[in-house]
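Notes for the one structure printed next.
The values are calculated or read from the model by the stated rules, or taken from the named source; none is laboratory data. Because the structure is predicted, anything quoted here is derived from the model rather than measured. In this analysis, Cβ positions are derived from the backbone assuming ideal geometry, glycine residues included, and neighbour counts consider all displayed protein chains. Accessible surface is based on the protein model in full, side chains and every heavy atom, while ligands, DNA and RNA are left aside. Shrake-Rupley method; radii C 1.70, N 1.55, O 1.52, S 1.80 Å.
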Amino acid sequence: MTKRISLTRYLVEQQRADGLIPAQLRLLLEIVARACKSISHAVNQGALGGVLGSAASENVQGEIQKKLDIIANEVLIEANEWGGHLAAMASEEMAGIYPVPNRYPQGEYLLLFDPLDGSSNIDVNVSIGTIFSVLRKPDGARDVAGSDFLQPGSQQVAAGYCIYGPQTTLVLTVGAGVALFTLDREQGSFLLTQENPRIPEDTQEFAINMSNQRHWDAPVKRYIDECLQGREGPRGKDFNMRWIASMVADVHRILTRGGIFMYPWDRREPEKPGKLRLMYEANPMGWIVEQAGGAATNGRQRILDIQPTQLHERVSVILGSKNEVQRVTDYHRGL
Ligand code: AHG
Ligand code: MN
Ligand code: MN
Ligand code: MN
């Protein structure tokens, strides 16, 4: 079997090849990977580590926080604040931004993360993960403000996720395709196990929370209804359904074998464009999916083109196999 290369060697060789990973960004990615390794260890401890169950607090999203939401958030903050590679961080679990403390040097990057994605699956031992997105701090020496984070997803310089499942796998893009690294627990290092997965342009598998069907807008109802009619209906083929309720796991399946993932706007909370968060769920996942030949829209426009107005803004998400995403997007345009 060919000798597998480490994350560090991959990042060094990628920098040599196309200059996409300057030293500070390489340090950032290695530190985030190390933090994910620590989170993976805590996740694997489960009840033995006292990490299950809810904390007595609510986050800015209005969600009751799980203990692991808070643990994972703290791991990422503590791992990244001293390295000199970051100017500030933002997290699903923190209302405002976290500027690097004055006692540490400031770097040129902004790190955003969903420290623990799929929190409703923590206590039932189903795959969960961490999602992260990296932006450049806008030029100028002044202190970082929340508005500095409000950049469209097309401005990301790196994005990735780590899925804590039967394997712990880190998935990363810096804009030159996607790389997957599997954690070798004995060595304690992430080893390159796959490069440039391609999402098939067509699929017969959709992922959506069907319990919300009566609340969906007409284009989504039309699309799913056609899928459910199977080969007797207008699509002329049968579809399968999956819904894990951890975005990282649903996206990882689509990265691995194709499919379409949808968390669309629905009329339960009509003032919100959707449930998922643009800056640290839809943007990183949207870029990874595009880098693997898929597509990601909010039903009307490319996710990565959306100009954010708030740090925790939500968005309707339709991503995965390109031709299916295009079909749903066309339905939203009345085609
Ligand atoms: P988080 O646990 O970070 O709050 O994200 C949960 C999200 C996403 O991971 C998943 O796709 C979706 O919530 C599931 O929502 P439902 O429970 O409404 O199906
Ligand atoms: Mn999430
Ligand atoms: Mn989360
Ligand atoms: Mn949450």
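Taking the stated definitions as given, is Leu27 part of a loop (DSSP other than H, G, I, E, B), modelled with pLDDT of 95 or more and either open to solvent by 40 Å² or more (accessible area, probe 1.4 Å) or outside the structural domain of Ser127 (by TED's automatic domain parsing) (or both)? So Leu27 fails the test.
Condition test on Val124, is it within 16 Å of ligand 4 (Cβ to nearest atom) and more than 19 Å from the chain's Cα centre (by Cα)? Here the answer is yes, as Val124 does meet what is asked.
Among the residues of the stretch 30-44, which ones are touching a residue at least 24 places away in the same chain (Cβ under 8 Å) and surrounded by 15 or more Cβ atoms within 10 Å (Cβ to Cβ)?
To start, the set of residues in the stretch 30-44 that are touching a residue at least 24 places away in the same chain (Cβ under 8 Å) comprises 31-40, 42-44.
Result: Ile31, Val32, Ala33, Arg34, Ala35, Cys36, Lys37, Ser38, Ile39, Ser40, Ala42, Val43.
Check Arg231, Arg242 and return the single one that is among the basic types (Lys, Arg), farther than 20 Å from Val289 by Cβ and away from ligand 3 (no atom under 16 Å from the Cβ).
Numbers: Arg242 fails: farther than 20 Å from Val289 by Cβ.
After ruling out the rest, the residue left standing is Arg231.
Scanning the stretch 1-14 for residues that are at pLDDT 95 or above and either surrounded by 15 or more Cβ atoms within 10 Å (Cβ to Cβ) or touching an Asp or Glu at 6+ places or on another chain (Cβ under 8 Å) (or both) yields Ile5, Ser6, Leu7, Thr8, Tyr10, Leu11, Val12.
For the stretch 242-279: of the residues being in a loop (DSSP other than H, G, I, E, B) and within 16 Å of ligand 4 (Cβ to nearest atom), which is nearest to Thr297 (Cα to Cα)? So that I can check it myself, show each step before the final result.
If we filter the stretch 242-279 for residues that are in a loop (DSSP other than H, G, I, E, B), which is where we start, we get 242-246, 258-259, 264-265, 267-275.
Narrowing the set further to residues that are within 16 Å of ligand 4 (Cβ to nearest atom) leaves 244-246, 269, 272, 274-275.
Working: Ile244: 21, Ala245: 19, Ser246: 19, Glu269: 20, Lys272: 16, Gly274: 12, Lys275: 14 Å.
By that ranking, first place goes to Gly274.
When Ser133, Ser57, Ser119, Ser127 are checked against the criterion of being hydroxyl-bearing (Ser, Thr, Tyr), within 14 Å of ligand 2 (Cβ to nearest atom), more than 13 Å from Tyr164 (Cα to Cα) and assigned by TED's automatic domain parsing to the domain that holds Gly146, a single residue qualifies: Ser133. Scanning the stretch 228-248 for residues that are open to solvent by less than 60 Å² (accessible area, probe 1.4 Å) and either modelled with pLDDT under 95 or within 16 Å of ligand 1 (Cβ to nearest atom) (or both) yields Ile244, Ala245, Ser246, Met247, Val248. Among (1) surrounded by fewer than 18 Cβ atoms within 10 Å (Cβ to Cβ); (2) part of a loop (DSSP other than H, G, I, E, B); (3) in contact with a helix residue (DSSP H, G or I) (Cβ under 9 Å, 6 or more places away or on another chain); (4) at negative phi, which single condition is Pro105 missing? It fails just one condition, (3).
If you go through the stretch 166-203 and keep only what is open to solvent by 60 Å² or more (accessible area, probe 1.4 Å) and not in a strand (DSSP E or B), you end up with Pro166, Gln167, Arg185, Glu186, Gln187, Asn196, Arg198, Glu201, Asp202.
Restricting the first member to the stretch 274-301 and to residues that are more than 16 Å from Val174 (Cα to Cα), and the second to residues that are buried (at least 24 other Cβ atoms within 10 Å of the Cβ) and charged (D, E, K, R), the beta-carbon pairs closer than 6 Å and six or more apart or on different chains are Glu281/Asp114. I'd like to check something: does the stretch 245-255 contain any residue that is within 19 Å of Phe206 (Cβ to Cβ), among the hydrophobic types (A, V, I, L, M, F, W, C) and without any contact (Cβ under 8 Å) to a residue 60 or more places away in the chain? The answer is no, given that none of the residues of the stretch 245-255 is within 19 Å of Phe206 (Cβ to Cβ), among the hydrophobic types (A, V, I, L, M, F, W, C) and without any contact (Cβ under 8 Å) to a residue 60 or more places away in the chain.
Go through the residues of the stretch 132-144 one by one and say whether even a single one is more than 16 Å from ligand 1 (Cβ to nearest atom), in contact (Cβ under 8 Å) with a residue 60 or more places away in the chain, closer than 27 Å to Gln307 by Cβ and open to solvent by 40 Å² or more (accessible area, probe 1.4 Å). Walk me through how you get there before you give the answer.
So in the stretch 132-144, the residues more than 16 Å from ligand 1 (Cβ to nearest atom) come out as 134-144.
Of the ones still in play, those that are also in contact (Cβ under 8 Å) with a residue 60 or more places away in the chain are 134.
This time we only want the ones that are closer than 27 Å to Gln307 by Cβ, so: 134.
Filter once more, so that each one left must be open to solvent by 40 Å² or more (accessible area, probe 1.4 Å): none.
Checked against the condition, which is being more than 16 Å from ligand 1 (Cβ to nearest atom), in contact (Cβ under 8 Å) with a residue 60 or more places away in the chain, closer than 27 Å to Gln307 by Cβ and open to solvent by 40 Å² or more (accessible area, probe 1.4 Å), the stretch 132-144 yields no hits at all.
Can you tell me which residue among Arg314, Arg302, Arg333 is within 16 Å of ligand 3 (Cβ to nearest atom) and surrounded by fewer than 24 Cβ atoms within 10 Å (Cβ to Cβ)? That would be Arg314, the only listed residue that is within 16 Å of ligand 3 (Cβ to nearest atom) and surrounded by fewer than 24 Cβ atoms within 10 Å (Cβ to Cβ). Where strands (runs of 3 or more DSSP E) sit wholly within the stretch 50-95, those with at least 1 residues that are open to solvent by 20 Å² or more (accessible area, probe 1.4 Å), more than 20 Å from Arg34 (Cβ to Cβ) and among the acidic types (Asp, Glu) occupy 54-58.
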